[in-house]
Amino acid sequence: MKKAAHLDIAADRRRSGGYVRALPAGEGVSDASLVERARAGERWAEEVIYRRYVGTIAGLAVRLLRSRSEMEDVVQETFAIALEKLGSLRDGNALRGWLAQIAVGQVRRRFRRRKLLALLGLDRTEEDAPFESLAAEGITAEEAAELGAIDALLTTLPVEQRIAWVLRHVEGESLEDVARACSCSLATAKRRIAAAEARVSIHVRPK
C-alpha cells in the first residue's frame, strides 16, 4: 500500500489559520530537555513545545475529522491536556508520539459525539476538509478523483480502522507509533490497518 497520493502536509499547515510560526530561541533544544524545563515551570519551554508540534497535531486532526473547526478544538485540548499532565510523560524523547496519542483520544471523543448526535437526528457537523482539499496544488483531475474516492470510503470504515489507516498511510507513522497513538497492541494495530487496506487498496493506483 502506497501513501495516499499527493497529501501535502505543508500545504495543509498553510491553511490551518496560522498555527505554524517560527520557533523562538531554543529551536535546537531536544524534546527531552524541553519537557524537563517545562516541568520546572519555564514557560518558554511550553511555548516551544507548542510551536514545534502544533502543525503536526493540527494536520493529524483535520485529516481524521475532516473539519477545520473541530481540528482547532482538538489542537487546543491536546496541548492543554499535555501541559497539565507533562509530569506523567516518562520519556521526554517520546513527546511527539505522546501528543499524537492525546490528540487521537480527543478525535475519538468527537466521533462518539457525532454518532450520538446522528442517532438523535441532531448531527450538524460541517466536514469542510476532505482529502482532495488538503492535497498539494497542481494535482490532476484523476488524482483528485482518487483522493475523493478514498476519502468517501474511509468514512464508511469503523472509526478505529480509519484512524489506524490514516496514521500509517497518510501521516507515515511506524506501526509501533500507530499502536502507541491508538493505545492498542502492535498486533491490534496491524489488524486494523490490514482490514482498512483491504477496502482502500482497490482505489489506490499501483506505483
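Under a point spin-label approximation (7 Å from Cα along Cα-to-Cβ), what is the residue 175-residue 33 distance to one decimal in nm?
3.5 nm
With a 10 Å radius around each residue's Cβ, average the other Cβ atoms per peptide and rank 181-192, 49-60, highest first. List each step's numbers first, then the result.
Numbers: 181-192: 17.0, 49-60: 21.7.
By packing density, highest mean first, the sequence is 49-60, 181-192.
Measuring from label point to label point, each 7 Å out along Cα→Cβ, what is the residue 94 to residue 155 span in nm?
Result: 3.6 nm between the two label points.
Throughout, read-outs are computed from the coordinates displayed, never taken from laboratory work. All values derive from a computational prediction rather than experimental measurement. Every residue, glycine among them, receives a Cβ derived from its backbone with ideal geometry; neighbour counts consider all protein chains shown.
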